[in-house]
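One structure below.
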Amino acid sequence: MSFEFGVFHEFPRYAGVTDAEAFTQSFAQVDAAERWGLDVIWIAELHFLPERSVASAPLLIASAIASQTRRIKIGIAVQVLPLCHPLRLAEEVARLDHISHGRLVFGVGRSGFPHTYEAYGISYGESRERFAEVLEILKRCWSEERFSFEGKFHRFHNITIVPRPLQKPYPPLRIAATSADTYGQSVPWACLSSLPSASVRSKNWGPA
């Protein structure tokens, strides 16, 4: 069995640090991770926590990382699917896969912060159903030339997205799981049970 060594990064914003300084410091650490030969950098998604993080848009951060690095893989840990419009997200992820030249690993989850859902006007009680629906739409966007979908929250007819992901049929998917029922639903996808600041993950994760 082989392993990957990587860093989980929240793009932290400490007391007395400006937003600009937080980004500068974090991108410098990303550069160091590339130089030191780490395998992957994982980017969090955190909203409305000014005392903790500026990582409210992980795909934008990942795009910047892709432009300033050449080797290190770029993981999203995790995109909160129930808060996203699935078609817009499918396009943005596919575009990032091209910008990174196929270095993207796409982690998804529901988040454990109900206050974020409240701020977005979405019921946290719907998060499980919304997560499953968005994930299905994403996979169909990326793997089918055209598709239609009728769900509880989203309805689309005869849709095709541009661009399509560089990795086929789509970037590696990782599903965050912190409860027994989520673990069960995540199979056969690989799970991100938790990501410490210095993470070690097996390269033998199966494809989604």
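What number of residues in the stretch 87-130 are crowded, with 20+ Cβ neighbours inside 10 Å and either charged (D, E, K, R) or under 13 Å from the mean Cα position of the chain (by Cα) (or both)?
Residues in the stretch 87-130 being crowded, with 20+ Cβ neighbours inside 10 Å and either charged (D, E, K, R) or under 13 Å from the mean Cα position of the chain (by Cα) (or both): 16 in total.
Restricting the search to the stretch 1-48, which residues are without any contact (Cβ under 8 Å) to a residue 40 or more places away in the chain, surrounded by fewer than 16 Cβ atoms within 10 Å (Cβ to Cβ) and not in a helix (DSSP H, G or I)?
Passing the criteria: 14, 15, 16, 17, 18, 36, 37.
Could you check, for the stretch 160-180, whether at least one of its residues is more than 16 Å from the chain's Cα centre (by Cα), surrounded by 14 or more Cβ atoms within 10 Å (Cβ to Cβ), at pLDDT 90 or above and within 17 Å of residue 84 (Cα to Cα)?
yes
Residue-wise test of (1) out of contact with any helix residue (DSSP H, G or I) (no Cβ under 7 Å at 6 or more places or on another chain); (2) modelled with pLDDT of 95 or more; (3) under 30 Å from residue 152 (Cβ atoms).
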| site | (1), (2), (3) |
| --- | --- |
| 2 | yes, no, no |
| 18 | yes, yes, no |
| 35 | yes, yes, no |
| 38 | yes, yes, no |
| 43 | no, yes, yes |
| 73 | yes, yes, no |
| 79 | no, yes, yes |
| 82 | no, yes, yes |
| 99 | no, yes, no |
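Considering only residues of the stretch 181-199 that are assigned to a strand (DSSP E or B) and closer than 17 Å to residue 106 by Cβ, which is modelled with the lowest pLDDT? Outline the logic, then answer.
As a first pass, look at the stretch 181-199 and keep what is assigned to a strand (DSSP E or B): 190-192, 198-199.
Checking which are closer than 17 Å to residue 106 by Cβ leaves us with 190-192, 199.
Working: 190: 50, 191: 47, 192: 51, 199: 38.
Top of the filtered list is 199.
Within the stretch 60-74, which residues are in a helix (DSSP H, G or I) and either surrounded by fewer than 20 Cβ atoms within 10 Å (Cβ to Cβ) or in contact (Cβ under 8 Å) with a residue 60 or more places away in the chain (or both)? Full working, then the answer.
Taking the stretch 60-74 as the starting set, the residues that turn out to be in a helix (DSSP H, G or I) are 60-68.
Passing the criteria: 60, 63, 64, 66, 67, 68.
Counting just the residues of the stretch 97-130 that are part of a helix (DSSP H, G or I) and polar (S, T, N, Q), which one comes out nearest to residue 63 (Cα to Cα)?
Narrowing the stretch 97-130 to residues part of a helix (DSSP H, G or I): 97-99, 114-120, 124-130.
Among the residues that remain, those that are also polar (S, T, N, Q) are: 116, 127.
Working: 116: 23, 127: 27 Å.
So, considering only residues that are part of a helix (DSSP H, G or I) and polar (S, T, N, Q), the one nearest to residue 63 (Cα to Cα) is 116.
The values are calculated or read from the model by the stated rules, or taken from the named source; none is laboratory data. All values derive from a computational prediction rather than experimental measurement. With ideal geometry, Cβ positions are generated from the backbone for all residues, glycine too; neighbour counts draw on all protein chains shown.
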